[in-house]
Number of protein chains: 2
Amino acid sequence: MSSPVIAAAERAREAGHGLALATRATKDDALGRMAGALRADVDRILAANAVDVARAEADGTPANIVDRLRLTPDRVEGMARGLEEVAGLPDPVGEVVRGSTLANGLEMRQLRVPFGVVGMIYEARPNVTADAAGICLKSGNAVLLRGSSSARSSNTAIVEALRGAVGAAGVDPDVVQLVPGDSHDSVKELMRARGYVDVLIPRGGAGLIRSVVEESTVPVIETGVGNCHVYVDRAADLDKALAIVLNSKTQRTSVCNAAESLLVHTDVAEAFLPTVVTALQEAGVTVHGDAAFQAYDGVVPATDDDWGTEYLSLDISAAVVPDLEAAVRHVRRWSSQHTEAIVTEDLGAARRFTAAVDSAAVLVNASTRFTDGGEFGFGAEIGISTQKLHARGPMGLLEMTSTKYVVTGDGHVR
Amino acid sequence: MSSPVIAAAERAREAGHGLALATRATKDDALGRMAGALRADVDRILAANAVDVARAEADGTPANIVDRLRLTPDRVEGMARGLEEVAGLPDPVGEVVRGSTLANGLEMRQLRVPFGVVGMIYEARPNVTADAAGICLKSGNAVLLRGSSSARSSNTAIVEALRGAVGAAGVDPDVVQLVPGDSHDSVKELMRARGYVDVLIPRGGAGLIRSVVEESTVPVIETGVGNCHVYVDRAADLDKALAIVLNSKTQRTSVCNAAESLLVHTDVAEAFLPTVVTALQEAGVTVHGDAAFQAYDGVVPATDDDWGTEYLSLDISAAVVPDLEAAVRHVRRWSSQHTEAIVTEDLGAARRFTAAVDSAAVLVNASTRFTDGGEFGFGAEIGISTQKLHARGPMGLLEMTSTKYVVTGDGHVR
């Protein structure tokens with residue numbers, strides 16, 4: 001196996017050996033310099049971005065995608081600040097996860113170590129380039145960045161700035177590389193580079209993630225799709241319920257932790273449905289309801305497709321359920337196992353719901369929007385895992401590490 | 001997608017919902033009954049096993065494979081005792097991995113939860129059937145067992161006994177199922193059952209593991225291949241070194257934590273090589289050496305193939321290295337990243353080797369044979385992971401869990 005992608009991965013592996021052993025002081029120095037380099041190179045980065053934006057507009061790219069692609073002085077400053085924040089976080093590498101002295105006197109420690117080489121496959125958000133580089137560097141990992149080809153010019157300028165800063169800190173710049181090649185073939189090679197790349201993290205839409213999961217032989221951490229539910233229990237405080245439903249649905253609609261579906265216990269339907277339907281509609285939300293919800297003006301009928309849809313828009317599916325168990329069954333059937341919330345004052349209901357619902361995060365009397373690395377206090381987030389292997393939920397620096405056992409004896413044999 | 005395999009996985013999912021919420025008391029009761037059922041059914045199990053053994057012998061299966069397949073009253077008793085030992089281990093489910101009260105008053109806890117449905121693909125060792133069923137049950141997971149078709153009759157008898165016991169404990173017996181169908185197609189379906197099966201664990205030879213890793217869309221934990229090295233440093237105590245080399249190579253040759261390669265610092269080569277070569281040869285080991293080792297009688301020349309080979313036999317590759325860094329480079333080049341050992345009295349050398357070598361376990365002055373769930377005090381082991389995602393090294397009950405965030409508020413919104 002030999003190709004520019006594999007060659008880049010081999011350089012990353014070699015450079016990563018040094019980075020894995022770098023002290024926190026060295027890594028934080030590099031992160032500070034990376035932030036400085038983005039600020040110093042802001043004009044060059046914006047000029048490169050303008051090329052990408054102009055091409056995207058000429059190609060008729062939808063305005064919301066162009067908006068994600070577009071950089072501004074503020075957004076570049078935000079990327080720099082993000083790197084400085086990562087510098088302020090504790091170093092996960094070397095943390096002792098567990099340790100004991102075995103019966104025979106062997107001293108066993110399990111330590112956090114970097115993965116080695118991380119591959120990131122993502123869409124047209126150039127800020128991910130700096131975020132991912134910073135999180136990977138702090139966790140001691142070399143990173144191969146494969147952003148959208150529509151952001152190629154922006155990403156090239158950003159990575160050039162970052163690599164210069166990394167080198168100035170005495171770290172091999174090959175710990176931060178763009179995947180060479182612009183075609184889909186280079187993505188394919190990255191996905192088949194088992195043994196060269198330790199883990200792949202796709203970030204983007206459902207289609208991107210599905211294709212990486214299907215095609216990759218490199219271990220993948222699946223991120224992102226969130227068909228999140230709010231269940232309003234019979235014992236809910238309906239004022240809290242209204243605030244939580246509105247916040248979960250409308251505070252930001254395009255994100256994976258926004259609510260997409262509302263379930264209401266039949267005992268509170270009569271009291272809650274008129275209020276919540278009106279409030280949602282006043283906030284511009286289209287309610288796709290079951291028969292009970294359709295009794296209210298403006299509610300459109302929900303189909304099975306609605307129950308399974310992550311709208312990412314001002315739409316919500318809504319149903320009345322006969323009891324908590326029916327809510328649990330509905331969630332098991334339709335949820336993407338990202339985040340669900342229950343609103344209740346009943347401890348037993350809260351216990352049953354949080355135990356029975358098998359999602360990365362289950363919230364009690366709180367908005368689904370709280371499932372977030374920043375909100376959880378992780379300080380930086382590389383994505384939200386919706387798989388159960390390795391990492392589940394918001395992934396911070398700890399989730400970017402593996403472990404190693406170091407066992408010390410004095411001539412021990414079995 | 002519909003097939004007997006998917007239908008079995010759906011039954012496992014449903015049954016697993018109940019098992020995930022079962023108390024430790026219920027699970028331990030089930031494990032005790034499973035042990036009892038194996039003892040009660042020993043004659044039926046041995047008769048079923050005799051059918052498999054007779055067919056394997058008639059097919060001309062190699063004697064060592066037939067030996068793995070063969071059950072005896074002692075081996076069945078060992079399986080029963082293994083289940084009782086698992087009952088004695090702490091329940092990993094519900095353990096709080098981390099938790100804090102966030103700045104806004106939200107109470108966040110990260111809890112261990114079962115994966116849900118685990119698929120095991122393994123070769124002709126019927127004892128794995130009982131071991132895997134016990135570990136999965138204790139960790140709250142439903143399991144789909146796909147052993148070798150050559151052990152079909154044995155596995156059917158074992159699973160029948162186990163399911164009866166599970167049911168008698170009030171747990172849905174579908175938490176323990178054989179994968180229906182005997183053909184390779186059923187393995188393929190299991191590997192493509194993403195969304196139905198949460199994790200696949202292949203146990204067996206390198207070929208089996210490679211094919212699962214290549215073909216599976218279900219997340220896989222890779223186990224097993226161990227090309228393990230012992231490095232004898234310049235500052236080694238040569239008596240300890242001799243004992244560790246012999247134990248690592250010869251205590252049991254067919255296992256993944258046996259040593260396959262010996263590296264000796266040039267400064268101690270003259271003192272150590274005659275002794276170690278003679279001792280290895282007296283133990284029946286063929287030494288495949290580099291030029292320095294070939295100076296000794298009976299040493300055969302090593303090729304690049306030897307450096308990369310997991311012999312699993314009375315063979316060892318052996319080379320003299322100019323310094324510790326060369327030993328690290330050799331290990332990086334050829335190791336399967338399972339286990340490596342350094343023999344040294346020099347703290348600096350031990351620190352450098354354990355930091356620079358990127359393997360699941362790095363041992364100082366101890367035999368490679370200690371990389372083992374039992375030796376590490378995990379009490380039960382489902383395999384030894386050689387990948388970096390999720391679990392690395394010996395996998396016990398903790399490694400058979402995922403996590404879930406439970407976050408409790410009082411009407412919190414963003």
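Any read-out appearing in this document is the output of simple, stated calculations on the displayed coordinates, not a laboratory observation. Keep in mind that what you see is a predicted model, and the values were worked out from it rather than measured. In this analysis, Cβ positions are derived from the backbone assuming ideal geometry, glycine residues included, and neighbour counts consider all displayed protein chains.
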Reachable lysines from A:Lys138, criterion Cα separation under 26 angstrom, eight or more residues apart if same chain
A:Lys27, A:Lys388, A:Lys404, B:Lys388, B:Lys404
Work out the charge dipole of the protein assembly as shown with +1 on the Cβ of Lys and Arg and -1 on the Cβ of Asp and Glu about the Cα centre, then indicate which of A:Met191, A:Val343, A:Ala360 is farthest towards its positive end.
A:Val343
Note the distances from B:Arg210 to each other copy's matching label point, with points 7 Å along the Cα-to-beta-carbon direction, in nm, sorted shortest first.
3.2
Distances in nm, one decimal, shortest first, from A:Asp410 to the same residue in every other copy, taking the label point 7 angstrom along Cα→Cβ.
5.6
Cα-based Rg and Dmax for the protein assembly as shown, where Dmax is the largest Cα-Cα distance (Å):
28.2, 94
Using a label position 7 Å from Cα in the Cα→Cβ direction, what is the ascending list of nm distances from A:Asp267 to the same site in the other copies?
7.8
Using only alpha carbon pairs under 8 Å that are at least six residues apart, calculate the relative contact order of the range A:1-158 and give it in whole percent.
32 percent
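What FRET efficiency do you get for A:Ser313 and B:Thr26 if R0 is 60 Å and r is their Cβ-Cβ distance, rounded to the nearest 0.05?
Values: r = 45 Å, r/R0 = 0.74.
After rounding, the FRET efficiency stands at 0.85.
May I ask you to derive the FRET efficiency for B:Arg210 and A:Asp305 from their Cβ-Cβ distance with R0 = 51 Å, giving the value to the nearest 0.05? Walk me through the numbers before you get to the answer.
Values: r = 39 Å, r/R0 = 0.77.
FRET efficiency, B:Arg210 to A:Asp305: 0.80.
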Zone of A:Arg55 (label point 7 Å along Cα→Cβ, backbone N under 14 Å): which residues in the range A:193-223?
none
Among B:Asn64, B:Asn257, B:Asn104, which one shows the highest mean-square fluctuation when chain B is modelled as a Gaussian network with alpha-carbon springs under 10 Å?
B:Asn104
Rank A:Gly393, A:Gly170, A:Gly224 by mean-square fluctuation in a GNM of chain A with C-alpha springs under 10 angstrom and give only the top-ranked residue.
A:Gly170
Would you mind classifying the range A:228-370 by shape? Square roots of the alpha carbon gyration tensor eigenvalues, ordered a ≥ b ≥ c; an a/c under 1.5 is rounded, otherwise it is prolate if a/b is larger than b/c and oblate if not.
rounded
When chain A is turned about an axis onto chain B, which of its residues keeps its C-beta closest to that axis, and how many Å is it?
A:His390, 2
Set of lysines near B:Lys240 by C-alpha distance (under 18 Å), chain-local residues within fewer than 8 positions excluded:
B:Lys249
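What does the structure give for B:356-368 when I average, per residue, the other chain Cβ atoms found within 10 Å of the residue Cβ? Spell out each step's value before the answer.
Working: counts 4, 2, 11, 3, 4, 6, 6, 8, 8, 7, 13, 6, 1.
Counting Cβ atoms of other protein chains within 10 Å of each residue's Cβ and averaging gives 6.
Between B:Ala271 and B:Asn64, what is the FRET efficiency for a Förster distance of 51 Å, r being their Cβ-Cβ separation, to the nearest 0.05? The partial results should precede the final answer.
Numbers: r = 37 Å, r/R0 = 0.73.
About 0.85, to the nearest 0.05.
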Taking the Cα centroid of the range A:234-266 and of the range A:137-193, what is the distance between the two, rounded to the nearest whole Å?
39 Å
Spin-label point model (7 Å from Cα, Cβ direction): what's the A:Glu345 to A:Ala47 distance in nm?
6.4 nm
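Would you kindly calculate the mean projected area, averaged across all directions, of the convex hull enclosing the Cα atoms of chain A, in square nanometres?
Numbers: hull surface 95.6 nm².
Reported value for the Cα convex hull: 23.9 nm².
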Longest to shortest principal axis, alpha-carbon extents of the range B:102-242, angstrom:
59, 59, 32
What's the center-to-center distance, using Cα atoms, between the range B:2-79 and the range B:80-109 in Å?
28 Å
Stretched fully, the stretch from B:Ser149 through B:Glu95 gains (0.36 nm per residue minus C-alpha distance, one decimal, in nm) 15.7 nm
Kindly write out, for the range A:144-159 in residue order, the coupling ³J(HN,Hα) from the Karplus curve 6.51 cos²θ - 1.76 cosθ + 1.60 (θ = phi - 60°), rounded to whole Hz, with x marking Gly and Pro.
10, 9, 10, x, 4, 5, 5, 10, 4, 5, 4, 5, 4, 5, 5, 5
